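**Q** This structure is in structure tokens; I'll ask about it shortly.
Read the figures in this text as sums done on the coordinates, not as results from a lab. Please read these numbers as outputs of a predicted model, since none were measured by experiment. Cβ coordinates were reconstructed from backbone atoms using ideal geometry, including for glycine residues, and neighbour counts include every protein chain displayed.
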Amino acid sequence: MFKNSNENVTAPVSEGKTYDVKIEDIAQKGDGIARIEGYVIFVPDTAAGEEVTVKITRVLPKYAFATVVE
């Protein structure tokens with residue numbers, strides 16, 4: 001039972017950049033969930049199965065927030 005410390009892992013996304021993602025699931029509060037290299041991105045106003053282009057608005061150690069680019 002080894003514990004893996006991911007504190008020094010950097011996010012595979014950068015704030016202000018855009019990415020093409022597929023919404024895989026919906027979070028408890030209704031935001032869409034996309035993943036890039038396993039890293040979770042919350043995207044409001046999306047539905048599961050949608051393929052959208054998003055702009056990252058905030059990056060945290062374990063997840064990020066993004067908005068859909070129109």
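**Q** Let me see the pair-distance distribution of the chain: every alpha carbon pair, 10 Å bin width, integer percents in order.
**A** The percentages, shortest bin first, are 22, 52, 20, 6, 0.
**Q** Work out the FRET efficiency for I36 and E70 from their Cβ-Cβ distance, taking R0 = 30 Å, and round it to the nearest 0.05. Write down the numbers at each step before the final one.
**A** On the way: r = 20 Å, r/R0 = 0.68.
E(calc), rounded to 0.05, equals 0.90.
**Q** Within segment 8-29, find all residues whose amide N lies under 14 Å from a label point positioned 7 Å from the Cα of E51 along Cα-to-beta-carbon.
**A** 20-24
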